[in-house]
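After the structure tokens below, expect a handful of questions from me.
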Amino acid sequence: MAEKKALKEKFRRDYTPTNYFVEQVNLLFQVFEDCTKVSSSLKVKRRDGAPENAPFQLDGEGLTLQSLSIDGETLPPSRYSWVEEDLLEISGPLPSSFVLQSLVTTKPEENTQLSGLYKSSSIYCTQCEAEGFRRITLMQDRPDIMATYEVRIEADKESCPVLLSNGNMTENGDLENGRHFATYNDPFPKPSYLFAMVAGDLGFIRDTFVTRSEKVVALNMYSEHNNVKKLYHAMDSLKKAMRWDEETFGLEYDLDIFNVVAVNDFNMGAMENKSLNIFNTSCVLASPETATDADYERIQGIIAHEYFHNWTGNRVTCRDWFQLTLKEGLTVFRDQQFSMDMTSAAVKRIEDVNVVRSMQFPEDNGPMAHPIRPESYIAMDNFYTVTVYRKGAEVIRMYHTLLGKEGFRKGMDLYFQRHDGSAVTCDDFRRAMADANGVDLTQFERWYLQAGTPVVRCEAKYDVEAKRLSLLLKQSCRTPQGGDALPFHMPIRVGFLAQDGSELLPERVLELKEASQEFVIENVNSKPVLSLLRGFSAPIKLEYERDDEELAFLMAHDKDSFNRWEAGQLMFSRTIHANAKAMQAGQAMQLNAKLVDAVRRTLLDTSLDKSLQAYALTLPNLQNLAESMEIVDPDALVDAYKFTKKEIARSLRDHLLKTYEANLLPEDSFRNDAEAIGMRRLKNVCLGYLAALGDKEVLDVCLKQALTANCMTDLVAAASCLAANPGEQSDKALEHFYQQHAKDDNLVFCKWIAIQAAACTDQALEIVDKLFKHPSFTIKNPNICRSLFISFAGNMKHFHRADGSGHRWLTDRILELDKLNPQTAAKILTKLAGYKRFDAPRQASMKAQLERVRNTEGVSKDTMEIAIRALA
Ligand code: TRP
Ligand code: ZN
């Protein structure tokens with residue numbers, strides 16, 4: 001009877017090369033209304049030294065196999081069998097070189113997992129990373145098998161006028177019955193996860209890019225016809241990214257064509273398929289009416305990210321999926337550097353560090369903790385995590401800080417020189433960095449081996465007589481198993497400020513390697529104020545005692561913009577945490593006068609860059625604050641947060657209103673430059689404070705902004721303020737938002753949902769349930785699901801209602817979604833994994849829901865893996 005699917009755990013230590021390898025892949029796709037035929041012809045070779053009688057194993061998942069032949073001879077069923085659910089084995093002996101042909105049929109129309117070949121709206125498209133190619137045809141579906149691909153697509157000409165695959169189009173023409181075809185050839189050997197094909201009725205924009213060796217590259221961006229006008233920002237971003245990679249890393253594009261296709265239904269942000277990037281519409285489409293300033297910047301970053309993968313990922317790829325951070329950590333680092341150069345370095349760094357702290361630190365501190373190079377997985381899709389991506393990028397950034405810009409570039413050059421065209425490991429990357437610079441990076445491997453966030457304590461001593469400064473740094477790190485990690489090799493960037501705020505000494509990078517290490521600096525003329533961990537030079541938690549005066553001093557004087565911001569964040573969190581404690585003890589909450597002074601000074605300092613000013617005024621987010629609470633008490637934390645924000649607003653109401661008004665831009669002309677973005681940021685932070693007061697006057701200001709906004713940034717900001725203050729103005733604004741903007745635009749509808757699901761109001765659960773039942777809500781679209789479910793999971797107080805109703809509601813939805821889209825369901829379930837951080841009733845409630853998932857019959861392996869790991 002219905003046997004439980006075996007959950008097979010794969011281990012990094014078990015890597016072995018295959019006995020055979022596929023060298024060339026020929027594919028024919030015959031797309032029909034409700035069925036697609038895939039004929040494949042694989043040119044296979046036995047590896048030198050492999051036994052002649054070795055069987056040949058191929059991955060295949062959910063395929064209907066019609067026929068199988070070797071060198072033109074049909075294989076009798078006795079020669080092959082499914083040795084595992086998704087693994088076909090052809091018995092040996094086999095020739096040392098042969099052609100394997102297969103014919104399978106699939107139904108893209110019924111593929112709701114969005115992995116393999118599927119249909120998104122009217123567009124046929126593919127998603128193969130990590131293990132989706134096996135859902136299209138039989139293949140050695142692993143990244144160390146690199147082959148060249150030739151592809152022919154046949155489809156109805158009217159419904160699918162555009163036919164695309166990797167590489168160059170070599171031929172196209174008409175066929176009988178209103179059908180047509182196109183053939184493609186990709187000259188670069190690639191792993192199967194980089195394969196892509198698209199067929200559909202798409203509109204497009206075209207442009208060209210001339211590389212520095214004067215090759216002309218055709219750039220095409222495709223979307224549904226009504227969205228074509230929203231592709232220009234992405235095109236502009238792409239050209240900037242291509243130029244930047246030439247200038248920064250000497251890396252040039254290698255084909256004559258580069259395509260981007262936007263689809264509505266996509267499990268992640270975007271995919272770097274060779275010369276045919278496929279994007280979630282949310283990560284590529286932009287117009288002022290539909291995308292916020294933050295969306296514009298995110299799109300620029302993701303376009304660059306996928307483009308940069310052409311070298312870091314595609315030309316040099318991963319040997320196995322445990323090495324994922326080899327391409328993702330490195331490519332995220334590259335896109336971060338690009339964005340820092342295109343916008344503001346300090347602003348971008350603040351945003352990135354916020355993500356690490358509010359998402360990666362909790363992951364590293366919970367049951368899902370894993371090193372950036374994991375040791376095992378059941379479903380690989382579960383390891384596309386903030387740890388692999390974001391902490392991975394921080395690890396790359398540490399090479400950059402330790403070796404310097406030039407040293408890092410030398411390492412990159414050597415990496416490409418050694419490994420272009422191959423599938424390699426994180427150790428190969430580390431070796432290239434070490435060898436190119438003649439340094440020893442042996443200890444640095446620990447960042448790849450050990451999970452957990454290191455804590456670094458700093459104690460400083462200054463000897464007036466000897467003019468000697470000594471810094472004692474002590475590091476410690478608890479591993480997820482509860483033991484102590486071995487000491488890491490990390491750079492600590494330190495600045496030394498004189499009493500007048502100038503730099504007393506040049507900045508230094510201290511290389512911390514020991515558990516406890518003393519750094520002595522001579523000839524220091526006066527006692528400096530230390531600016532530690534500038535630019536967040538290592539992904540750690542820093543402990544260093546200082547009073548509010550010193551923080552205020554740093555806020556005013558540190559030349560490192562990041563640490564100026566950081567000092568303010570520390571001040572905010574001290575007050576909020578103190579108030580949360582007061583709340584728990586039944587005492588009155590208070591506002592620290594020094595904090596109000598500091599906020600006033602920041603607010604009135606018109607010499608500041610407005611984006612930085614806006615971030616300096618922004619409270620640390622709740623996830624971030626929760627991370628430094630011993631036991632998370634959502635009620636006390638959120639109440640303390642609200643109190644603090646409201647009291648600041650009460651103290652500074654007039655200043656906030658003035659700054660708000662001073663930064664209004666004329667409604668009749670929209671501007672998108674750095675200055676205008678800074679003005680909107682600052683104005684909307686002020687509006688956020690004012691809205692915390694919740695009185696009629698400020699809510700009317702919000703409503704006016706919502707009704708007259710000339711861009712999505714201002715509409716979202718005003719609507720978010722109002723959603724947290726239910727009442728007449730809120731109803732009007734949200735209705736306007738829906739009727740005028742969200743009703744006919746999927747991406748704007750997502751924003752409309754997300755704002756309401758995140759709003760901290762007593763009706764939150766009832767609101768999300770109502771949204772779930774909204775006629776335009778469809779559980780089949782991952783963007784819509786994320787907007788509702790992930791936003792609600794971030795609604796600290798109401799998702800974590802003590803009676804468990806929030807947890808139960810979300811789990812009901814996850815189980816429903818899991819039947820259609822396991823990848824996305826599993827991602828959402830991770831929101832229940834951090835239960836150990838909460839008080840007893842909430843822990844019990846979250847655990848009960850995880851157990852319920854684990855005990856449900858027929859749950860996917862993706863979702864089951866999260867439940868099992870979370871409960872382990
Ligand atoms: N490689 C993609 C990136 O650039 C990640 C990705 C896209 C992905 N689609 C996916 C990963 C589907 C797993 C499943 O980051
Ligand atoms: Zn990537």
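The values are calculated or read from the model by the stated rules, or taken from the named source; none is laboratory data. Because the structure is a prediction, the values reported are computed rather than measured. As a convention, Cβ positions derive from the backbone with ideal geometry for all residues, glycine included, and neighbour counts pool all protein chains shown.
Any idea how many residues of the range 819-860 are under 25 Å from P108 (Cβ atoms) and in contact with an Asp or Glu (Cβ under 8 Å, 6 or more places away or on another chain)?
Qualifying residue count for the region: 6.
Here's a follow-up. List pairs: first residue in the range 299-327 and farther than 22 Å from M340 by Cβ, second residue part of a helix (DSSP H, G or I) and within 11 Å of ligand 1 (Cβ to nearest atom) anywhere in the structure, Cβ distance under 7 angstrom, at least six positions apart or on different chains.
Close Cβ pairs satisfying both conditions: N314/L194; T317/K327; C318/L324; C318/K327; W321/M380; L324/F383; L324/V388.
In the range 391-433, how many residues are under 21 Å from N310 (Cα atoms), of a type in the set (K, R) and buried (at least 24 other Cβ atoms within 10 Å of the Cβ)?
Of the residues in the range 391-433, 1 are under 21 Å from N310 (Cα atoms), of a type in the set (K, R) and buried (at least 24 other Cβ atoms within 10 Å of the Cβ).
A follow-up question, please. Kindly indicate whether R298 is under 18 Å from the mean Cα position of the chain (by Cα), modelled with pLDDT of 95 or more, surrounded by 23 or more Cβ atoms within 10 Å (Cβ to Cβ) and within 16 Å of ligand 2 (Cβ to nearest atom).
no
For the range 609-662, enumerate the residues that are in a helix (DSSP H, G or I) and among the β-branched types (V, I, T).
If the condition is that a residue be in a helix (DSSP H, G or I) and among the β-branched types (V, I, T), then V638, T644, I648, T659 are the ones that fit.
Residue by residue, here is whether (1) buried (at least 22 other Cβ atoms within 10 Å of the Cβ); (2) assigned to a helix (DSSP H, G or I); (3) in contact with a helix residue (DSSP H, G or I) (Cβ under 8 Å, 6 or more places away or on another chain) holds:
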position	(1), (2), (3)
I492	yes, no, no
P506	no, no, no
V509	no, no, yes
E514	no, no, no
K527	no, no, no
G535	no, yes, yes
L542	no, no, no
G568	yes, yes, yes
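Give me a count of the residues in the range 308-361 that are in contact with a Phe, Trp or Tyr (Cβ under 6 Å, 6 or more places away or on another chain), more than 12 Å from ligand 1 (Cβ to nearest atom) and acidic (D, E).
Here the count works out to 1.
Consider E272 carefully, then state whether it is more than 15 Å from ligand 1 (Cβ to nearest atom), surrounded by fewer than 24 Cβ atoms within 10 Å (Cβ to Cβ) and in contact (Cβ under 8 Å) with a residue 24 or more places away in the chain.
When the stated conditions are applied, E272 does not pass them.
Residue by residue, here is whether (1) more than 16 Å from ligand 1 (Cβ to nearest atom); (2) touching a helix residue (DSSP H, G or I) at 6+ places or on another chain (Cβ under 8 Å); (3) over 18 Å from F333 (Cβ atoms) holds:
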| site | (1), (2), (3) |
| --- | --- |
| Y377 | no, yes, yes |
| D381 | no, yes, yes |
| V386 | no, yes, no |
| R390 | no, yes, no |
| L403 | yes, yes, no |
| K410 | yes, yes, no |
| L472 | yes, no, yes |
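Could you look through the range 329-365, keep only residues that are away from ligand 2 (no atom under 16 Å from the Cβ) and of a type in the set (K, R), and pick out the one that is nearest to V455 (Cα to Cα)?
R357
Quick check on this structure: which one of L114, L88 is out of contact with any Asp or Glu (no Cβ under 7 Å at 6 or more places or on another chain) and either in contact (Cβ under 8 Å) with a residue 60 or more places away in the chain or part of a strand (DSSP E or B) (or both)?
Testing whether each residue is out of contact with any Asp or Glu (no Cβ under 7 Å at 6 or more places or on another chain) and either in contact (Cβ under 8 Å) with a residue 60 or more places away in the chain or part of a strand (DSSP E or B) (or both) leaves just L88.
Would you please name the residue that is surrounded by the fewest Cβ atoms within 10 Å (Cβ to Cβ), looking only at residues in the range 121-154 that are of a type in the set (K, R) and within 16 Å of ligand 1 (Cβ to nearest atom)?
Looking at residues that are of a type in the set (K, R) and within 16 Å of ligand 1 (Cβ to nearest atom), I get R142.
So, of the residues in the range 227-279 that are closer than 24 Å to L117 by Cα and acidic (D, E), which turns out to be farthest from ligand 2 (Cβ to nearest atom)?
D265
A further question on this structure: Out of the residues in the range 434-451 meeting the condition of being more than 24 Å from A485 (Cα to Cα) and small (G, A, S), tell me which one is surrounded by the fewest Cβ atoms within 10 Å (Cβ to Cβ).
G438
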